[in-house]
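Here is the structure we will look at.
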């Protein structure tokens, strides 16, 4: 099942403050020269951020995710079935420690401390 592109456009326009901050650090190959996409469709889901070349999905979880850990685990499993690894960060973590989050994403992409 594919998802309509208009849904992705709507999600891109309505980013949370944490998503917008993280996108500012990922867009335009700012992180180790890697290309990230936002609200990238994979199967029936949209990945908050995705680096297709490294098969990495970055999810930013806000308060709406509390109590939905099982659903998130199933989503992670589905993304793994499509060949993606998933890293998750809370909104608070992104807002309070953006540099640390970016370092972890770079490491997950196999770039170590490849910030640049």
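Any read-out appearing in this document is the output of simple, stated calculations on the displayed coordinates, not a laboratory observation. Keep in mind that what you see is a predicted model, and the values were worked out from it rather than measured. Using ideal geometry, Cβ is built from the backbone for each residue, glycine included, and neighbour counts are taken over all protein chains shown.
Peptides 53-61, 73-81 ranked from most to least packed by the mean count of surrounding Cβ atoms within 10 Å: 53-61, 73-81.
Secondary structure note: in segment 5-108, about 55% of the DSSP beta bridges are antiparallel. With the Cα gyration tensor of segment 5-108 giving a ≥ b ≥ c as the square roots of its eigenvalues, does the rule (a/c under 1.5 for rounded; else a/b larger than b/c for prolate; else oblate) give rounded, prolate or oblate? Rounded is the answer for segment 5-108, as its axis ratio a/c remains below 1.5.
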